[in-house]
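The values are calculated or read from the model by the stated rules, or taken from the named source; none is laboratory data. Small disclaimer: the values here were computed from a predicted structure and weren't measured. Cβ coordinates were reconstructed from backbone atoms using ideal geometry, including for glycine residues, and neighbour counts include every protein chain displayed.
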């Protein structure tokens, strides 16, 4: 009887260890995309751009300085526009991306732009051209 109880305990221990290992593997596989913030950018391409809001003309131009620009790369990257309204993202792969833009003077709206990156890709964005908060590329 004693050996049977000992064997039962070891089978229970193996079962519990098996469940713990299975749950751990499942959690790691499930959480892998959210752990991407530790990853480094994977490509050689570059996205650069200039952000303007021609509704707010200052100093003869409508560039938007200090706007928060985020790209949905893996890992996601965030930057701010400089004093000339320029921004850039390095280390991108040649794929489709979405940019999210928050203006420093209007944090209640988030603007978005869908773009494809290939090599060095440039975008000129004018906030005033779209009332639905979906920016469109403009030639400059």
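Checking residue 117 against (1) at pLDDT 75 or above; (2) within 20 Å of residue 128 (Cβ to Cβ), which test does it fail?
(2)
Scan the stretch 79-97 residue by residue and report those that are surrounded by 12 or more Cβ atoms within 10 Å (Cβ to Cβ), touching a residue at least 12 places away in the same chain (Cβ under 8 Å) and assigned to a strand (DSSP E or B).
Scanning the stretch 79-97 gives 80, 86, 87, 88, 89, 90, 91, 92, 97.
Name the single residue, out of those in the stretch 20-53 being modelled with pLDDT of 80 or more and in a loop (DSSP other than H, G, I, E, B), that is nearest to residue 106 (Cα to Cα). Reasoning before the result, please.
Taking the stretch 20-53 first, the residues modelled with pLDDT of 80 or more are 20-24, 43-53.
Those still in the list that are in a loop (DSSP other than H, G, I, E, B) too: 43-44, 53.
Values: 43: 33, 44: 33, 53: 12 Å.
Selected residue: 53.
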